[in-house]
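Below is one structure, written out as structure tokens; the observations come after it.
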Amino acid sequence: MDWPDDLILELARKRCVLFLGSGISANATDIDGNHPPTWRKFLEEGNSKVGAPDNAVIKKCIDSYEYLMACELLRKKLGDNEFDELLKNMFRGIGFEPAPIHEYVFKLDSKITITPNFDKIYDNYAQSKSRNTIVLKHYYDDDVVKYLRGTDSVIIKNHGTIDTTNKIIFTQADYARARIENSDFYKIMEALILTHTFIFLGAGLNDPDIKLLFENYATTFHVSKNHYFVIPNNTYSDLELQVYKETMHLDFITYDPADNHKELSEGLKELDAKVEDKKEEVKNKSWW
């Protein structure tokens, strides 16, 4: 993979925010070789519990990738209790072992990691490897900024955790409510976008929070530095990537997704080595 020199330098200087999407958790496996469920699989499983004709409406949303609407409809049909139980059963992550990609992400040694994943696969791995010295915070905690300004490394769950399902951001209504009730957190996100370089791994561009925050950033600060989005090379057309680059100030790093995204895992391992080498140069030249 072609890692930009600027990104390597920013990682070495600890000026990066790692943003870990569901594609990172998807690498984990259980004893039978199964992977954690995708958002689509969750919706399809839930829709199997819904009778006609509503299941056809939800299926149409799923097939059209309108996952937020499908999730909203599913919660309405199942009710809060059954919906929450389905969430817990499918996303609590029991029995899933981390993959090498979790190790390579951890070795990047980012001070700030943000993840919308409400499973705990990477959180548990990072806590174990760091001997519980990494701080775990959530979008609804009122002391997030204290840890961002402190010396501790921190993982921020910006969509909540499976341990507290009533605060998970998973539907259109959840997004709208969070922006109002937790507006201070979104101010923190805006500040990080201005002061740090984000690198998105295993994430998609369909997250409403991502689109809103980065579109506002690109519109307000026309000459600001771009952030980095790592995606499979068949995800979007060149024309779409050009539009996203202009409207969201993103540079795209692509890879071949063959063999269960093997190139991404190997690429992150190479990035670890490059960052370690660059740290020595940063130290010798006092590029703090």
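The values are calculated or read from the model by the stated rules, or taken from the named source; none is laboratory data. Here the structure is a predicted model, which is why all the values come from computation and not from measurement. For neighbour counting, all protein chains shown are included, and Cβ atoms are generated from backbone atoms with ideal geometry for every residue, glycine included. Side chains are part of the model used for accessible areas, which takes the heavy atoms of the whole protein and leaves out ligands, DNA and RNA. Shrake-Rupley method; radii C 1.70, N 1.55, O 1.52, S 1.80 Å.
Descriptive notes on the structure:
- Of [x] 15.7; [y] 14.8; [z] 31.7, the label for mean projected area of the Cα convex hull in nm² derived from the coordinates: [x]
- Modelled FRET efficiency - R0 25 Å, Asn233 with Glu66, Cβ distances, 0.05 increments: 0.50
- Alpha carbon convex hull of segment 174-242, volume per residue in cubic angstrom: 108
- Charge context of Asn34, other residues only, Cβ under 15 angstrom, K/R +1, D/E -1: -3
- Between Asp80 and Thr38, the FRET efficiency estimated from the beta carbon spacing at R0 = 22 angstrom works out to 0.45.
- Accessible surface for Phe118 stands near 20 Å², nearest 10, in the context of the full protein assembly shown (1.4 Å probe).
- Between Asp251 and Ile180, full extension at 0.36 nm per residue minus the direct alpha carbon distance yields a gain of 22.6 nm.
- Accessible surface for the chain, divided over its residues, is 51 Å² per residue with a 1.4 Å probe.
- Evaluated at q = 0.10, 0.15, 0.20 Å⁻¹, the base-10 log of the normalised Debye intensity for segment 43-153, with identical point scatterers placed on the Cα atoms, takes the values -0.45, -0.82, -1.03.
- Checking every one of the trypsin sites (Lys or Arg not before Pro) in segment 77-131 against DSSP loop status and a limit of 11 other Cβ atoms within 10 Å picks out Arg131.
- Leu264 sits among other residues whose Cβ lies under 12 Å from its own Cβ, and their net charge, with Lys and Arg +1 and Asp and Glu -1, is -3.
- Here the 3J(HN,Hα) profile of segment 52-69, calculated from phi with Karplus coefficients 6.51, -1.76 and 1.60 at θ = phi - 60°, is 5, x, 5, 5, 5, 5, 5, 4, 4, 5, 4, 5, 8, 6, 8, 5, 5, 5 Hz, Gly and Pro shown as x.
- Dipole axis of the chain (+1 Lys, Arg; -1 Asp, Glu on Cβ), positive-most option in Leu9, Ala191, Ser22: Ala191
- Between Ser224 and Gln172, the modelled label-to-label distance comes to 2.8 nm, taking each label 7 Å out from Cα in the direction of the beta carbon.
- Trp288 versus Glu240: modelled label distance in nm, points set 7 Å from Cα along the beta carbon direction: 4.4
- FRET efficiency, 1/(1 + (r/R0)^6) with R0 35 Å, evaluated for Lys262 and Arg131 via beta carbons: 0.70
- For the chain, the longest principal axis of the Cα atoms and the long axis of helix 80-91 meet at an angle of about 50 degrees.
- Assuming charge only on the beta carbon of Lys and Arg (+1) and of Asp and Glu (-1), the dipole of the chain about its Cα centre is about 720 debye to the nearest 20.
- Label zone at Asp54 (point 7 Å along Cα-to-Cβ), backbone N below 17 Å, segment 77-110: 77-87
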